[in-house]
Amino acid sequence: MLQVARLAPRLLSDATDLVVAFLETQAHVNGGFKNRAGDPDLYYTVFGLESLAALGSPIPTASTLDYLSAFEDGASLDLVHLACLARCWANLPQASLDDDRRDRMVRRLTGFHALLSAPSPDGADSPASAYTCFLIAGAYQDLGSALPEPSEVLATLESLRADDGGFSNRPRAAVGSTPATAAAVTLRRYLGAAPAPSIAAWLRSRCHAEGGFFASPAAPIPDLLSTATAIHALVGLRESIDDIKEPCLNFIDTLWTSKGSFYGSWADDVLDCEYTYYGLLALGHLSL
């Protein structure tokens with residue numbers, strides 16, 4: 001994803017400097033990057049660091065190192081934020097994270113493996129989601145550790161197949177979610193699994209005729225997260241996106257602001273690092 005986001009300046013051109021300037025305003029004085037309330041936040045720090053890296057701009061290494069070090073091995077964090085901590089460390093020079101802390105983070109990560117349980121035979125729902133699988137696999141990768149039992153992850157993903165052929169973040173769903181399906185497709189490809197039948201057609205069916213992707217059939221408007229992740233998944237499936245490039249570029253242009261960032265959708269009115277990154281990811285693919 002980061003490799004593709006690095007191509008965004010092809011389309012941003014002179015506006016690249018505006019994006020860098022916006023991202024610099026999102027760096028918190030106490031380290032990390034700001035969430036929508038203006039507080040330092042591990043989740044948003046991932047997107048701030050990744051976006052700066054994608055644009056070839058220096059990241060605030062010293063302040064980020066201090067910020068991340070305060071979390072120790074992530075013992076107080078849930079899975080989402082532990083995965084974010086691992087991803088943030090991966091954006092710093094390799095020697096920044098010492099082996100002892102890295103090993104303790106890996107052990108912390110293994111504690112979340114119960115979340116990969118597929119639904120039990122008696123029909124009880126699993127706490128697993130496509131998002132959970134994606135986070136766990138990514139965190140192992142960021143910590144330089146092999147993913148234990150990848151077949152278990154694939155089985156969990158299969159249990160999350162929705163009735164309409166997409167993937168959901170809960171078992172036995174009638175309708176799949178675009179971001180969940182994109183995560184499942186990307187993770188399956190990473191694990192060497194064959195594409196799910198007709199999944200490319202399923203993703204394409206979520207594309208608005210005038211550009212952008214809907215998160216679900218019930219969503220009233222397309223959004224940037226669904227658009228960026230769906231395009232990324234389609235390209236990973238070696239599916240041509242030539243026919244939707246111009247409409248999607250037009251959609252993204254409607255979300256762009258002269259402040260150097262993108263709104264998440266037409267209903268959004270707050271700018272942040274997360275949607276800046278998704279804008280870069282989408283533009284990177286659409287520049288090819």
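The values are calculated or read from the model by the stated rules, or taken from the named source; none is laboratory data. Predicted model only: the values in this text are computed from it and were never measured. Cβ sites come from the backbone with ideal geometry, for glycine too, and all protein chains shown count toward neighbours.
Can you tell me which residue within segment 83-119, out of those that are over 29 Å from Ala155 (Cα atoms) and among the polar types (S, T, N, Q), is surrounded by the fewest Cβ atoms within 10 Å (Cβ to Cβ)?
Narrowing segment 83-119 to residues over 29 Å from Ala155 (Cα atoms): 89, 91-101.
Imposing the further condition that a residue be among the polar types (S, T, N, Q) reduces the set to 91, 94, 96.
Working: Asn91: 20, Gln94: 8, Ser96: 16.
Checked segment 83-119; the qualifying residue surrounded by the fewest Cβ atoms within 10 Å (Cβ to Cβ) is Gln94.
One residue stands out in segment 191-201 among those that are over 12 Å from Glu239 (Cα atoms) and modelled with pLDDT of 95 or more: the one that is nearest to the chain's Cα centre (by Cα), namely Leu191. Pairing each residue of segment 107-122 that is over 24 Å from Leu143 (Cβ atoms) with any residue that is at pLDDT below 65 and surrounded by 10 or more Cβ atoms within 10 Å (Cβ to Cβ), provided the two are 6+ apart or on different chains, yields C-beta distances under 8 Å for Ala118/Ser126; Pro119/Asp125; Pro119/Ser126; Ser120/Ser126.
So which of Gly56, Gly38, Gly32 is buried (at least 18 other Cβ atoms within 10 Å of the Cβ) and out of contact with any Lys or Arg (no Cβ under 7 Å at 6 or more places or on another chain)?
Details: Gly56 fails: buried (at least 18 other Cβ atoms within 10 Å of the Cβ); Gly38 fails: buried (at least 18 other Cβ atoms within 10 Å of the Cβ).
Being buried (at least 18 other Cβ atoms within 10 Å of the Cβ) and out of contact with any Lys or Arg (no Cβ under 7 Å at 6 or more places or on another chain) holds for just one of Gly56, Gly38, Gly32, which is Gly32.
Pick out, from segment 135-211, the helices (runs of 4 or more DSSP H) lying fully within it that include 3 or more residues that are touching a residue at least 12 places away in the same chain (Cβ under 8 Å), under 14 Å from Ser226 (Cα atoms) and of a type outside the set (A, V, I, L, M, F, W, C). Can you show your working first?
Working: elements: 150-159, 178-190, 199-204.
Counting at least 3 such residues, we get 178-190.
Given Pro40, Pro9, which one is in contact with a His (Cβ under 6 Å, 6 or more places away or on another chain) and more than 24 Å from Gly144 (Cα to Cα)? So the residue among Pro40, Pro9 that is in contact with a His (Cβ under 6 Å, 6 or more places away or on another chain) and more than 24 Å from Gly144 (Cα to Cα) is Pro40.
Do we find that Phe262 is within 20 Å of Glu50 (Cα to Cα), in contact with a Gly (Cβ under 6 Å, 6 or more places away or on another chain) and modelled with pLDDT of 95 or more in this structure? Taking the combined requirement at face value, the residue satisfies it.
Across segment 243-288, the qualifying residues are those that are hydrophobic (A, V, I, L, M, F, W, C) and surrounded by fewer than 19 Cβ atoms within 10 Å (Cβ to Cβ), and the one among them that is nearest to Arg10 (Cα to Cα) is Leu288.
Of the residues in segment 212-240, how many are touching a His at 6+ places or on another chain (Cβ under 7 Å), of a type in the set (A, V, I, L, M) and in a loop (DSSP other than H, G, I, E, B)?
First, the residues of segment 212-240 that are touching a His at 6+ places or on another chain (Cβ under 7 Å): 214, 222, 231-232, 235.
Next, only the ones that are of a type in the set (A, V, I, L, M) stay: 231, 235.
Narrowing the set further to residues that are in a loop (DSSP other than H, G, I, E, B) leaves none.
Residues flagged as touching a His at 6+ places or on another chain (Cβ under 7 Å), of a type in the set (A, V, I, L, M) and in a loop (DSSP other than H, G, I, E, B) within segment 212-240 amount to 0.
Listed by first and then second residue, the pairs with beta-carbon distance under 6 Å, at least 6 apart or on different chains, first residue in segment 244-268 and among the small types (Gly, Ala, Ser), second assigned to a helix (DSSP H, G or I) and at pLDDT 95 or above, are Gly260/Leu18; Gly260/Val19; Gly260/Ala21; Gly260/Phe22; Ser261/Phe22; Ser261/Thr276; Gly264/Leu224; Gly264/Tyr275.
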